[in-house]
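Shown next, in C-alpha coordinates, is the structure this report addresses.
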Amino acid sequence: MSNQLPRRRRAKVEKALEEMENPLGALKSNKKPKTHRFARTRTKAAEMRTIRFPLLETSMGDPWPIRVTVIHGAKPGPVLTLLGAVHGDELVGPMALTHLLGSSFCGPDKPLDPNSLAGTIRVVPVVNLPGYRMRSRYFPDGRDLNRESPGTETGNTTSRVANRIFQNIILGSDYVIDLHTAARGRTNLPQIRADLADAPSNAIARGFGIEVILDSLGPRGSFRRSANEMGIGYATYEGGGANTSDAGAVQVALYGILNVMRSLSMISGKPSRPSARLLAHGSTWIRADQGGLLDMRAPAGRFVEEGEVVATITDPERPGATANVLSPSRGLLICTATNPYVNSGAPVGHLLPIHRGIRAVESMLDSNRQLVPSGTDGEPPWREETEVDEIQVEGEWVAGNVDGGWHIELNSPPSTVSAEEEAAES
Ligand SMILES: [Zn+2]
(Lines give C-alpha, C1' and ligand atoms only; values in the text may rest on other atoms or scores of the structure.)
Protein backbone atom coordinates (compact mmCIF):
# COMPACT_ATOMS: atom_id res chain seq x y z
CA MET A 1 0.00 0.00 0.00
CA SER A 2 2.65 2.49 1.07
CA ASN A 3 4.71 1.59 -2.02
CA GLN A 4 1.93 2.91 -4.23
CA LEU A 5 1.85 6.29 -2.52
CA PRO A 6 4.86 7.93 -4.15
CA ARG A 7 3.69 6.96 -7.64
CA ARG A 8 0.23 8.39 -7.02
CA ARG A 9 1.84 11.45 -5.52
CA ARG A 10 4.02 11.80 -8.58
CA ALA A 11 1.02 11.70 -10.90
CA LYS A 12 -0.54 14.51 -8.85
CA VAL A 13 2.65 16.55 -9.05
CA GLU A 14 2.84 16.08 -12.82
CA LYS A 15 -0.77 17.21 -13.16
CA ALA A 16 0.04 20.33 -11.15
CA LEU A 17 2.96 20.98 -13.49
CA GLU A 18 0.65 20.94 -16.52
CA GLU A 19 -1.68 23.39 -14.81
CA MET A 20 1.35 25.54 -14.15
CA GLU A 21 1.92 26.36 -17.84
CA ASN A 22 0.48 29.80 -17.16
CA PRO A 23 0.39 30.12 -13.36
CA LEU A 24 -0.86 33.69 -13.54
CA GLY A 25 -3.79 32.79 -15.79
CA ALA A 26 -6.52 35.39 -15.48
CA LEU A 27 -4.29 37.71 -13.48
CA LYS A 28 -2.60 38.92 -16.64
CA SER A 29 -4.62 41.73 -18.15
CA ASN A 30 -4.05 45.09 -19.71
CA LYS A 31 -6.10 46.87 -17.06
CA LYS A 32 -4.42 49.52 -14.98
CA PRO A 33 -3.92 48.44 -11.38
CA LYS A 34 -6.29 49.92 -8.82
CA THR A 35 -5.16 51.07 -5.42
CA HIS A 36 -4.05 48.22 -3.14
CA ARG A 37 -6.03 48.01 0.06
CA PHE A 38 -4.46 46.55 3.17
CA ALA A 39 -6.01 46.90 6.65
CA ARG A 40 -8.08 49.97 5.70
CA THR A 41 -5.04 51.68 4.18
CA ARG A 42 -4.85 52.32 0.44
CA THR A 43 -1.62 52.28 -1.53
CA LYS A 44 -1.76 53.92 -4.97
CA ALA A 45 -0.16 52.38 -8.06
CA ALA A 46 3.60 53.08 -8.27
CA GLU A 47 3.74 53.80 -4.54
CA MET A 48 5.54 52.20 -1.58
CA ARG A 49 4.34 52.69 1.97
CA THR A 50 4.78 51.13 5.39
CA ILE A 51 1.74 50.45 7.54
CA ARG A 52 1.64 49.56 11.25
CA PHE A 53 -0.62 46.55 11.66
CA PRO A 54 -1.59 45.66 15.27
CA LEU A 55 -1.53 41.91 15.98
CA LEU A 56 -4.28 42.41 18.55
CA GLU A 57 -7.26 44.73 18.26
CA THR A 58 -7.11 46.33 21.70
CA SER A 59 -7.15 49.85 23.07
CA MET A 60 -5.47 48.77 26.32
CA GLY A 61 -2.20 46.90 26.65
CA ASP A 62 0.38 46.31 23.92
CA PRO A 63 -1.34 45.60 20.56
CA TRP A 64 2.04 44.51 19.08
CA PRO A 65 2.06 46.71 15.95
CA ILE A 66 4.10 45.03 13.21
CA ARG A 67 5.55 46.72 10.11
CA VAL A 68 3.94 45.79 6.80
CA THR A 69 5.52 47.43 3.74
CA VAL A 70 3.38 47.51 0.60
CA ILE A 71 5.06 48.06 -2.77
CA HIS A 72 2.27 48.53 -5.30
CA GLY A 73 3.51 48.37 -8.88
CA ALA A 74 2.54 50.64 -11.77
CA LYS A 75 1.62 47.54 -13.79
CA PRO A 76 -0.93 44.83 -12.93
CA GLY A 77 0.28 41.49 -11.60
CA PRO A 78 0.05 39.09 -8.67
CA VAL A 79 0.17 39.91 -4.95
CA LEU A 80 3.26 38.32 -3.39
CA THR A 81 3.55 38.35 0.42
CA LEU A 82 6.89 37.78 2.16
CA LEU A 83 6.92 36.73 5.83
CA GLY A 84 9.77 36.62 8.37
CA ALA A 85 9.98 35.49 12.01
CA VAL A 86 6.64 33.70 12.27
CA HIS A 87 8.85 31.93 14.81
CA GLY A 88 10.36 34.82 16.78
CA ASP A 89 13.90 33.42 17.09
CA GLU A 90 14.32 32.44 13.41
CA LEU A 91 16.26 35.42 12.13
CA VAL A 92 16.97 34.60 8.49
CA GLY A 93 13.61 36.20 7.55
CA PRO A 94 14.06 39.52 9.39
CA MET A 95 17.62 39.80 8.03
CA ALA A 96 16.77 38.99 4.40
CA LEU A 97 13.60 41.12 4.31
CA THR A 98 15.23 44.12 6.01
CA HIS A 99 17.94 43.95 3.37
CA LEU A 100 15.28 43.65 0.64
CA LEU A 101 13.66 46.90 1.86
CA GLY A 102 17.01 48.72 1.93
CA SER A 103 18.69 50.89 -0.68
CA SER A 104 20.18 47.94 -2.62
CA PHE A 105 16.74 46.85 -3.82
CA CYS A 106 14.34 49.76 -3.24
CA GLY A 107 14.47 53.18 -4.91
CA PRO A 108 14.51 54.56 -8.47
CA ASP A 109 15.68 52.00 -11.06
CA LYS A 110 16.30 49.36 -8.38
CA PRO A 111 14.70 45.88 -8.72
CA LEU A 112 11.70 46.77 -6.50
CA ASP A 113 11.07 50.25 -7.96
CA PRO A 114 7.23 50.48 -7.90
CA ASN A 115 7.34 52.39 -11.21
CA SER A 116 8.57 49.27 -13.03
CA LEU A 117 7.01 46.59 -10.79
CA ALA A 118 4.13 44.43 -12.10
CA GLY A 119 1.89 43.46 -9.20
CA THR A 120 2.17 44.03 -5.47
CA ILE A 121 4.73 42.97 -2.87
CA ARG A 122 3.85 42.95 0.82
CA VAL A 123 6.81 42.56 3.15
CA VAL A 124 6.52 41.64 6.84
CA PRO A 125 10.05 41.21 8.27
CA VAL A 126 8.86 40.31 11.80
CA VAL A 127 5.46 38.62 12.12
CA ASN A 128 5.79 37.27 15.68
CA LEU A 129 6.86 40.56 17.29
CA PRO A 130 6.47 39.50 20.95
CA GLY A 131 8.40 36.26 20.29
CA TYR A 132 11.12 38.21 18.49
CA ARG A 133 11.44 40.58 21.45
CA MET A 134 11.65 37.62 23.86
CA ARG A 135 14.08 35.78 21.52
CA SER A 136 11.64 32.88 21.48
CA ARG A 137 9.90 30.93 18.71
CA TYR A 138 6.68 31.02 20.77
CA PHE A 139 4.02 33.55 21.68
CA PRO A 140 3.85 34.89 25.26
CA ASP A 141 1.17 32.28 26.07
CA GLY A 142 3.63 29.52 25.13
CA ARG A 143 1.85 28.64 21.88
CA ASP A 144 3.25 28.25 18.39
CA LEU A 145 1.73 30.84 16.00
CA ASN A 146 2.34 28.46 13.09
CA ARG A 147 0.12 25.77 14.66
CA GLU A 148 -2.94 27.96 15.36
CA SER A 149 -3.91 28.99 11.80
CA PRO A 150 -6.51 29.94 10.66
CA GLY A 151 -7.37 30.81 14.28
CA THR A 152 -10.50 32.42 15.72
CA GLU A 153 -11.47 35.91 16.90
CA THR A 154 -12.54 34.62 20.31
CA GLY A 155 -9.89 31.96 20.99
CA ASN A 156 -6.65 32.14 22.97
CA THR A 157 -4.16 34.98 22.37
CA THR A 158 -2.13 33.14 19.73
CA SER A 159 -5.29 31.95 17.95
CA ARG A 160 -6.59 35.55 17.77
CA VAL A 161 -3.30 36.76 16.30
CA ALA A 162 -3.19 33.84 13.84
CA ASN A 163 -6.71 34.79 12.75
CA ARG A 164 -5.76 38.48 12.23
CA ILE A 165 -2.72 37.46 10.18
CA PHE A 166 -4.61 34.89 8.16
CA GLN A 167 -7.57 37.20 7.41
CA ASN A 168 -5.54 40.33 6.63
CA ILE A 169 -2.11 39.25 5.42
CA ILE A 170 -2.41 35.71 4.00
CA LEU A 171 -5.82 36.14 2.35
CA GLY A 172 -5.54 38.70 -0.42
CA SER A 173 -2.21 37.18 -1.50
CA ASP A 174 -1.77 35.11 -4.65
CA TYR A 175 1.56 33.76 -3.37
CA VAL A 176 3.32 33.66 0.00
CA ILE A 177 6.99 32.99 0.75
CA ASP A 178 7.52 32.29 4.46
CA LEU A 179 11.14 32.43 5.70
CA HIS A 180 12.19 30.07 8.52
CA THR A 181 15.23 28.36 10.02
CA ALA A 182 15.50 25.03 11.82
CA ALA A 183 14.20 25.10 15.40
CA ARG A 184 16.75 25.32 18.24
CA GLY A 185 19.06 22.35 18.52
CA ARG A 186 19.56 21.80 14.78
CA THR A 187 20.46 23.51 11.50
CA ASN A 188 19.01 23.24 7.98
CA LEU A 189 20.61 23.17 4.55
CA PRO A 190 18.74 25.92 2.61
CA GLN A 191 15.63 24.23 1.20
CA ILE A 192 12.05 24.91 0.07
CA ARG A 193 9.01 23.07 1.41
CA ALA A 194 5.83 23.12 -0.65
CA ASP A 195 2.92 20.96 -1.75
CA LEU A 196 4.03 20.20 -5.30
CA ALA A 197 0.56 18.88 -6.16
CA ASP A 198 -0.70 22.45 -5.70
CA ALA A 199 -0.05 24.29 -9.00
CA PRO A 200 0.69 27.81 -7.66
CA SER A 201 2.90 26.41 -4.86
CA ASN A 202 4.73 24.24 -7.39
CA ALA A 203 5.34 27.35 -9.55
CA ILE A 204 7.02 29.38 -6.80
CA ALA A 205 8.89 26.37 -5.32
CA ARG A 206 10.59 25.76 -8.67
CA GLY A 207 10.79 29.49 -9.40
CA PHE A 208 12.87 29.98 -6.23
CA GLY A 209 15.81 28.40 -8.10
CA ILE A 210 17.01 26.21 -5.23
CA GLU A 211 18.50 22.68 -5.33
CA VAL A 212 16.40 20.99 -2.63
CA ILE A 213 12.58 20.99 -2.59
CA LEU A 214 10.69 18.90 -0.02
CA ASP A 215 7.26 17.99 -1.37
CA SER A 216 4.96 18.01 1.66
CA LEU A 217 1.78 19.41 3.16
CA GLY A 218 2.26 22.08 5.81
CA PRO A 219 1.84 20.86 9.42
CA ARG A 220 -1.68 21.10 10.86
CA GLY A 221 -2.39 24.67 11.97
CA SER A 222 0.41 26.12 9.85
CA PHE A 223 -0.24 29.16 7.65
CA ARG A 224 1.02 27.08 4.73
CA ARG A 225 -1.67 24.42 5.24
CA SER A 226 -4.54 26.90 5.61
CA ALA A 227 -3.33 29.12 2.74
CA ASN A 228 -3.16 26.11 0.38
CA GLU A 229 -6.73 25.22 1.37
CA MET A 230 -7.75 28.69 0.13
CA GLY A 231 -5.94 28.25 -3.21
CA ILE A 232 -2.98 30.47 -2.30
CA GLY A 233 0.46 29.37 -3.53
CA TYR A 234 2.76 28.96 -0.52
CA ALA A 235 6.43 28.07 -0.19
CA THR A 236 8.29 27.81 3.11
CA TYR A 237 12.01 28.51 2.94
CA GLU A 238 14.22 26.95 5.61
CA GLY A 239 17.87 27.87 6.04
CA GLY A 240 20.31 27.74 8.97
CA GLY A 241 19.37 27.60 12.64
CA ALA A 242 17.39 29.59 15.20
CA ASN A 243 18.94 32.40 17.21
CA THR A 244 21.94 32.65 14.86
CA SER A 245 22.95 34.81 11.93
CA ASP A 246 23.72 32.80 8.79
CA ALA A 247 24.91 35.06 5.95
CA GLY A 248 24.77 32.27 3.36
CA ALA A 249 21.17 31.34 4.21
CA VAL A 250 20.18 35.04 4.05
CA GLN A 251 21.83 35.40 0.63
CA VAL A 252 20.10 32.29 -0.76
CA ALA A 253 16.75 33.59 0.56
CA LEU A 254 17.24 36.96 -1.18
CA TYR A 255 18.20 35.40 -4.51
CA GLY A 256 15.27 33.01 -4.21
CA ILE A 257 12.76 35.82 -3.61
CA LEU A 258 14.09 37.79 -6.61
CA ASN A 259 13.98 34.59 -8.69
CA VAL A 260 10.31 34.07 -7.81
CA MET A 261 9.52 37.70 -8.76
CA ARG A 262 11.34 37.19 -12.08
CA SER A 263 9.63 33.86 -12.78
CA LEU A 264 6.23 35.52 -12.13
CA SER A 265 7.26 38.40 -14.48
CA MET A 266 6.84 40.91 -11.63
CA ILE A 267 10.34 42.31 -12.18
CA SER A 268 12.58 42.17 -15.24
CA GLY A 269 15.40 39.69 -15.73
CA LYS A 270 15.73 35.95 -16.16
CA PRO A 271 15.37 33.74 -13.07
CA SER A 272 18.43 31.64 -12.24
CA ARG A 273 18.15 27.86 -12.00
CA PRO A 274 20.32 25.23 -10.29
CA SER A 275 22.04 22.64 -12.50
CA ALA A 276 20.04 19.91 -10.72
CA ARG A 277 17.00 19.87 -8.49
CA LEU A 278 16.07 17.27 -5.88
CA LEU A 279 12.31 16.78 -5.49
CA ALA A 280 11.98 14.79 -2.27
CA HIS A 281 8.81 12.97 -1.28
CA GLY A 282 10.33 11.35 1.81
CA SER A 283 13.50 10.91 3.86
CA THR A 284 15.59 8.74 6.20
CA TRP A 285 16.67 9.49 9.78
CA ILE A 286 20.09 8.98 11.33
CA ARG A 287 19.78 8.18 15.03
CA ALA A 288 22.21 7.78 17.91
CA ASP A 289 22.43 4.27 19.41
CA GLN A 290 24.35 5.48 22.48
CA GLY A 291 23.87 8.38 24.87
CA GLY A 292 26.35 11.11 25.75
CA LEU A 293 27.81 14.12 23.99
CA LEU A 294 27.50 14.36 20.22
CA ASP A 295 30.25 15.59 17.89
CA MET A 296 28.85 16.05 14.36
CA ARG A 297 31.46 15.23 11.72
CA ALA A 298 29.24 15.82 8.67
CA PRO A 299 27.45 19.19 8.56
CA ALA A 300 24.09 19.88 6.90
CA GLY A 301 24.62 19.88 3.13
CA ARG A 302 27.18 17.03 3.16
CA PHE A 303 26.74 14.21 0.63
CA VAL A 304 27.50 11.04 2.60
CA GLU A 305 28.07 7.40 1.65
CA GLU A 306 26.38 4.39 3.22
CA GLY A 307 28.30 3.46 6.39
CA GLU A 308 30.13 6.80 6.56
CA VAL A 309 30.78 8.17 10.07
CA VAL A 310 28.57 11.27 10.37
CA ALA A 311 29.06 11.83 14.12
CA THR A 312 30.80 10.43 17.19
CA ILE A 313 29.49 10.17 20.75
CA THR A 314 31.55 10.30 23.94
CA ASP A 315 30.49 10.00 27.58
CA PRO A 316 32.25 11.74 30.51
CA GLU A 317 31.56 8.56 32.52
CA ARG A 318 33.47 6.46 29.98
CA PRO A 319 36.70 8.29 29.04
CA GLY A 320 38.43 6.65 26.09
CA ALA A 321 35.26 5.11 24.67
CA THR A 322 33.82 6.50 21.42
CA ALA A 323 30.70 5.42 19.53
CA ASN A 324 30.40 6.13 15.81
CA VAL A 325 27.09 7.17 14.23
CA LEU A 326 26.94 5.78 10.69
CA SER A 327 24.82 6.89 7.75
CA PRO A 328 22.34 4.12 6.83
CA SER A 329 22.33 5.19 3.18
CA ARG A 330 24.07 7.24 0.52
CA GLY A 331 22.45 10.65 0.36
CA LEU A 332 22.31 14.32 1.22
CA LEU A 333 22.15 15.58 4.82
CA ILE A 334 19.46 18.28 4.84
CA CYS A 335 19.47 18.92 8.60
CA THR A 336 21.84 18.08 11.46
CA ALA A 337 21.70 18.34 15.25
CA THR A 338 23.57 21.18 16.93
CA ASN A 339 22.52 20.24 20.46
CA PRO A 340 25.21 17.83 21.75
CA TYR A 341 23.11 16.11 24.45
CA VAL A 342 21.87 12.79 23.05
CA ASN A 343 20.23 9.62 24.31
CA SER A 344 19.98 6.35 22.43
CA GLY A 345 17.38 6.90 19.70
CA ALA A 346 17.91 10.66 19.45
CA PRO A 347 17.84 11.97 15.86
CA VAL A 348 21.19 13.46 14.82
CA GLY A 349 20.69 13.89 11.08
CA HIS A 350 17.95 14.04 8.45
CA LEU A 351 18.96 12.45 5.16
CA LEU A 352 17.58 12.40 1.62
CA PRO A 353 18.59 8.93 0.38
CA ILE A 354 19.87 9.30 -3.19
CA HIS A 355 20.17 6.31 -5.50
CA ARG A 356 19.60 7.99 -8.87
CA GLY A 357 21.13 11.06 -10.48
CA ILE A 358 24.31 10.68 -8.40
CA ARG A 359 26.48 12.29 -11.08
CA ALA A 360 24.20 15.34 -11.33
CA VAL A 361 24.28 15.76 -7.54
CA GLU A 362 28.06 15.24 -7.40
CA SER A 363 28.54 18.00 -9.98
CA MET A 364 27.10 20.45 -7.42
CA LEU A 365 29.44 19.41 -4.55
CA ASP A 366 32.59 21.22 -3.47
CA SER A 367 35.89 19.49 -2.59
CA ASN A 368 34.49 18.59 0.87
CA ARG A 369 31.51 16.79 -0.73
CA GLN A 370 29.38 19.70 0.46
CA LEU A 371 26.40 21.05 -1.53
CA VAL A 372 26.81 24.80 -1.79
CA PRO A 373 23.37 26.23 -2.67
CA SER A 374 23.22 28.39 -5.76
CA GLY A 375 23.45 32.04 -4.69
CA THR A 376 25.45 31.43 -1.49
CA ASP A 377 28.40 33.34 -2.93
CA GLY A 378 27.61 35.69 -5.79
CA GLU A 379 24.99 35.87 -8.53
CA PRO A 380 23.82 32.37 -9.50
CA PRO A 381 23.91 31.49 -13.22
CA TRP A 382 20.91 31.66 -15.54
CA ARG A 383 19.72 28.44 -17.19
CA GLU A 384 16.74 27.30 -19.23
CA GLU A 385 14.25 25.29 -17.14
CA THR A 386 14.76 22.40 -19.58
CA GLU A 387 18.47 22.30 -18.68
CA VAL A 388 17.72 21.47 -15.03
CA ASP A 389 18.23 17.79 -14.10
CA GLU A 390 15.30 16.81 -11.89
CA ILE A 391 15.93 13.95 -9.46
CA GLN A 392 12.98 12.39 -7.64
CA VAL A 393 13.65 11.12 -4.10
CA GLU A 394 10.89 8.63 -3.28
CA GLY A 395 9.76 7.76 0.22
CA GLU A 396 7.57 9.03 3.02
CA TRP A 397 7.81 11.62 5.79
CA VAL A 398 7.59 10.34 9.37
CA ALA A 399 3.98 10.96 10.53
CA GLY A 400 3.39 12.82 7.24
CA ASN A 401 5.54 15.69 8.47
CA VAL A 402 8.98 16.72 7.18
CA ASP A 403 10.24 17.31 10.74
CA GLY A 404 8.28 14.36 12.18
CA GLY A 405 11.44 12.51 13.27
CA TRP A 406 12.75 15.30 15.49
CA HIS A 407 11.78 15.73 19.14
CA ILE A 408 8.11 16.18 19.90
CA GLU A 409 7.03 19.77 20.10
CA LEU A 410 5.86 20.92 23.51
CA ASN A 411 3.65 23.95 23.92
CA SER A 412 5.29 25.08 27.13
CA PRO A 413 6.12 28.67 28.03
CA PRO A 414 9.63 29.42 26.77
CA SER A 415 11.02 30.13 30.24
CA THR A 416 10.32 26.60 31.43
CA VAL A 417 11.26 24.47 28.40
CA SER A 418 14.66 22.81 28.33
CA ALA A 419 16.93 23.05 25.31
CA GLU A 420 16.02 19.57 24.15
CA GLU A 421 12.29 20.08 24.60
CA GLU A 422 12.53 23.30 22.66
CA ALA A 423 14.02 21.44 19.70
CA ALA A 424 10.60 21.46 18.10
CA GLU A 425 9.42 21.52 14.52
CA SER A 426 10.83 24.28 12.38
ZN1 LIG B 1 10.06 28.12 11.88
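A few comments on the model shown:
- None of Asn163, Asn202, Asn188, Asn168 is closer than 23 Å to Ile354 by Cβ and more than 13 Å from the chain's Cα centre (by Cα) except Asn202.
- Region 67-89 - residue that is closer than 20 Å to Met134 by Cβ and touching a strand residue (DSSP E or B) at 6+ places or on another chain (Cβ under 7 Å) and, of those, farthest from the ligand (Cβ to nearest atom): Arg67
- Only a single criterion out of (1) modelled with pLDDT of 50 or more; (2) more than 22 Å from the chain's Cα centre (by Cα) is not satisfied by Glu425, namely (2).
- Filter result for the condition that a residue is within 16 Å of the ligand (Cβ to nearest atom) and within 20 Å of Thr187 (Cα to Cα), over Gly248, Gly239, Gly301, Gly282: Gly239
- Complete set of residues in region 155-169 that are within 16 Å of the ligand (Cβ to nearest atom) and within 25 Å of Ala205 (Cα to Cα): Ala162, Ile165
- Restricting the first member to region 129-147 and to residues that are touching a residue at least 60 places away in the same chain (Cβ under 8 Å) and within 20 Å of Arg220 (Cα to Cα), and the second to residues that are surrounded by 23 or more Cβ atoms within 10 Å (Cβ to Cβ) and aliphatic (A, V, I, L, M), the beta-carbon pairs closer than 7 Å and six or more apart or on different chains are Arg137/Ala183; Arg137/Ala242; Asn146/Val86.
- The sole residue among Val92, Val126 that is closer than 29 Å to Ala45 by Cβ, within 16 Å of the ligand (Cβ to nearest atom) and in contact (Cβ under 8 Å) with a residue 12 or more places away in the chain is Val126.
- Residue within region 202-214 that is acidic (Asp, Glu) and either more than 24 Å from Gly282 (Cβ to Cβ) or surrounded by fewer than 24 Cβ atoms within 10 Å (Cβ to Cβ) (or both) present: no
- For Ile257, the stated conditions hold: it is away from the ligand (no atom under 16 Å from the Cβ) and out of contact with any Leu (no Cβ under 6 Å at 6 or more places or on another chain).
- Only one entry in Ala321, Ala311, Ala300 is surrounded by 16 or more Cβ atoms within 10 Å (Cβ to Cβ) and more than 30 Å from Asp389 (Cα to Cα), namely Ala311.
- Top-ranked residue of region 328-363 - restricted to ones that are surrounded by fewer than 22 Cβ atoms within 10 Å (Cβ to Cβ) and of a type in the set (S, T, N, Q), ranked as nearest to Val212 (Cα to Cα): Ser363
- Condition met for Leu214 (at pLDDT 95 or above and away from the ligand (no atom under 16 Å from the Cβ)): no
- Residue within region 222-229 that is over 16 Å from the mean Cα position of the chain (by Cα), more than 15 Å from the ligand (Cβ to nearest atom) and over 30 Å from Ala311 (Cα atoms) present: yes
- Restricting attention to region 176-191, the residues being at pLDDT 95 or above, within 9 Å of the ligand (Cβ to nearest atom) and over 19 Å from Tyr234 (Cα atoms) number 0.
The values are calculated or read from the model by the stated rules, or taken from the named source; none is laboratory data. These numbers come from a predicted model, not from an experiment. Because the Cβ atoms are built from the backbone with ideal geometry, glycine has one as well, and the counts that use them run over all protein chains shown.
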